[in-house]
Amino acid sequence: MAAFANLPHGAQTKTYIVTHTQKDPAQSYGLVAEGLRLVSSEYTKIDKNIWLVRSAATADGVANAVIPGIGRRDEIRVMEVGAEMVHYQASRVWNMARLDADELLALRH
């Protein structure tokens, strides 16, 4: 288990299961753990694409840290043990981000 001191003293942590579904197994994305390192107090890889994470961040916060490390068509799920689940399909997130960027550019002209 990797342990990091990213949390303020006394911060309330939650436990999450993070899964990453690769749509194209020929491509390798090793940056999921880097995103987890940024937002977690500790995490461990349970299986090939499954991590157990302790973090003070919300499920959305964990997902936002992981998204840059996944492929364009991949999916991630962030499930708080005993509570919420967040599911993202990278293609939708990428398309929404592109749309937002296009809208911002249109506003500038």
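The values are calculated or read from the model by the stated rules, or taken from the named source; none is laboratory data. Nothing here was measured: the structure is a model prediction, and the numbers come from that model. In this analysis, Cβ positions are derived from the backbone assuming ideal geometry, glycine residues included, and neighbour counts consider all displayed protein chains.
Does the stretch 66-80 contain any residue that is at pLDDT 85 or above, closer than 19 Å to Gln12 by Cα and either touching a Lys or Arg at 6+ places or on another chain (Cβ under 9 Å) or part of a helix (DSSP H, G or I) (or both)? Yes, the conditions are met somewhere in the stretch 66-80. Taking first residues from the stretch 31-54 that are in a helix (DSSP H, G or I) and partners that are aliphatic (A, V, I, L, M), the Cβ contacts under 6 Å between residues at least 6 apart in sequence or on separate chains come to Val32/Val66; Gly35/Ala65; Gly35/Val66; Leu36/Val53; Leu38/Ala65; Val39/Ala57; Val39/Val62; Val39/Ala65. Number of residues in the stretch 43-65 that are out of contact with any Lys or Arg (no Cβ under 9 Å at 6 or more places or on another chain) and aromatic (Phe, Trp, Tyr): the value is 0. If the condition is being over 9 Å from Val18 (Cα atoms) and of a type in the set (Phe, Trp, Tyr), then the stretch 42-58 contributes only Tyr43. Just so you know, in the stretch 15-44 the residues that are charged (D, E, K, R) and modelled with pLDDT of 90 or more include one that is surrounded by the fewest Cβ atoms within 10 Å (Cβ to Cβ), and it is Arg37.
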